[in-house]
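Student: Just passing along the structure, written as structure tokens.
Read the figures in this text as sums done on the coordinates, not as results from a lab. Since the model is a prediction, treat every value here as computed from it, not as a measurement. All Cβ positions, even for glycine, are placed from backbone atoms using ideal geometry, and neighbour counts span all protein chains on display.
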Amino acid sequence: MDPVVREFMQRIMWSLSAALFWLMINAVAGLKFELAIFDGNHKIGTALFYIWLTISSFFLYRLFKKLWKNHL
């Protein structure tokens, strides 16, 4: 396989894996533990969940920026 194509495929797989892992963590925390739902309960937990969601999405963005910074 051509090295450029191989590097491109690795970038795609790293990006996809990181995004799916991030999504699974936040879906489990938000839906299974009901932290993403505003129902009057879990006020501190809900706030912490959304703070985590904001911070972790920023770091996911930085990871994507680092992965895709260099041209092939």
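Student: Could you check the simple spin-label distance between ILE51 and PHE21, using points 7 Å along Cα→Cβ, in nm with one decimal?
Tutor: Inter-label distance under the simple model: 2.4 nm.
Student: Moving to a separate point now. List the equivalent ellipsoid semi-axes of the range 14-67 in whole Å, largest first, each obtained as the square root of 5λ for an eigenvalue λ of the Cα gyration tensor.
Tutor: Square roots of five times the eigenvalues give 25, 12, 5 Å.
Student: To the nearest 10 degrees, how steeply does helix 43-67 sit against the main Cα axis of the chain, on a 0 to 90 scale?
Tutor: In the chain, helix 43-67 runs at an angle near 10 degrees to the longest axis.
Student: Still on this structure, please answer the following. At 7 Å along Cα-to-Cβ for each site, give me the label-to-label distance between ASP39 and PHE59 in nm.
Tutor: Result: 2.9 nm between the two label points.
Student: Counting each DSSP H run of 4 or more residues in the chain as -39500 (n - 2.57), what helix-only mean residue ellipticity at 222 nm follows after dividing by all residues, to the nearest 500 deg cm²/dmol?
Tutor: -24500 deg cm²/dmol
Student: Another one. With springs connecting C-alpha atoms under 10 Å apart, model the chain as a Gaussian network and identify which of PHE49, PHE38, PHE21 has the largest mean-square fluctuation.
Tutor: PHE38
Student: What does the charge add up to near HIS71, with Lys and Arg as +1, Asp and Glu as -1, over the other residues with Cβ less than 12 Å from its Cβ?
Tutor: +1
Student: Right, next: If I take R0 = 35 Å and measure r between the Cβ atoms of VAL5 and LYS32 in this structure, what FRET efficiency does the formula 1/(1 + (r/R0)^6) give, to the nearest 0.05?
Tutor: Calculated value: 0.35.
Student: Any lysines with Cα under 21 Å of the LYS32 Cα? List them, leaving off those in the same chain fewer than 8 positions away.
Tutor: Cα-Cα hits under 21 Å: LYS43.
Student: To the nearest 10 degrees, how steep is helix 3-27 against the longest Cα principal axis of the chain, on a 0 to 90 scale?
Tutor: Helix 3-27 sits at roughly 0 degrees to that axis.
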